[in-house]
Structures are given as structure tokens and as C-alpha cells.
Amino acid sequence: MPDEPVPVVRVSFISSFRPALGGVDALEIEATTLRELMRKLVQDYPRLQRHLDEGVALAVNGEIYRDNWDVEIRDGTEVYLMPRIQGG
């Protein structure tokens, strides 16, 4: 049985993250989970680590994930990376 193809995910970024990404506002990355996606992003764009350390949230097809990065993602998933909003 052939291996499943790795999903291609479109990741968009809030403007404050763009300097860490060389000015890009979106990328397409192969990943099967949010954790893998973030690992690949930091591997390719190490300056993004500072934003992760400050706290980020990921919107996956409109649903926000802050802590559960083991969520599986499928081909064509749209992810939006933004700063984590602190609440009281």
C-alpha cells in the first residue's frame, strides 16, 4: 500500500510576523499536524521563534487552537497564525 501524500497547508500570517518571515504574508507547507507545521516554520524561519515564545494561536479553517497542536490537518487546510490574545 503506497504512503499517503503529505498534506499541503496554506499558512497566512498577521502583519507583525512578516519581518520574521522575510516579508511573506503566506506560505504553503507540507505537514500532518499543527505541531509539525510549527516545527517546520521555525526550522525555515528561526526568527519566528520569538513570536512563539510570546504566545501564538492558530486558526484552522476558522477554529482557533492555542494549546492542542497535535490536531491533524488535511490537504488544503487553511491556517492563520496570530498572537495569542490574553484574556481575563
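Each reported figure results from applying straightforward, stated rules to the coordinates on display, with no laboratory input. What you see is a predicted model, and the numbers here were worked out from it, not measured in a lab. As a convention, Cβ positions derive from the backbone with ideal geometry for all residues, glycine included, and neighbour counts pool all protein chains shown.
Against the main long axis of the alpha-carbon atoms of the chain, helix 34-44 sits at an angle near 70°. Where Rh denotes the Kirkwood radius from the mean inverse Cα pair distance, what is Rg over Rh for the chain? Rg divided by Rh gives 0.97. Along the axis of the charge dipole computed for the stretch 8-83 (Cβ charges of +1 for Lys and Arg, -1 for Asp and Glu, origin at the Cα centre), the listed residues N61, Y80, H51 are led at the positive end by H51.
Distance between the modelled labels on S15 and V42, one decimal in nanometres: 2.7 nm (7 Å Cα→Cβ projection). With K and R counted +1 and D and E -1, the other residues having a Cβ less than 11 Å from that of V6 yield a net charge of -3.
Pull out the extension gain between V8 and D70, defined as 0.36 nm times the separation in residues minus the alpha carbon to alpha carbon distance; nm, one decimal. Each step should come with its number before you reach the end.
Values: separation 62, 0.36 × 62 = 22.32 nm, distance 1.65 nm.
Length difference between fully extended and current span is 20.7 nm.
Using a simple spin-label model with pseudo-atoms 7 Å out from Cα toward Cβ, R50 and E78 lie 2.9 nm apart.
Only helices enter this figure: runs of n ≥ 4 DSSP H residues, each worth -39500 (n - 2.57), summed and divided by the residues of the chain, yield -5500 deg cm²/dmol at 222 nm to the nearest 500.
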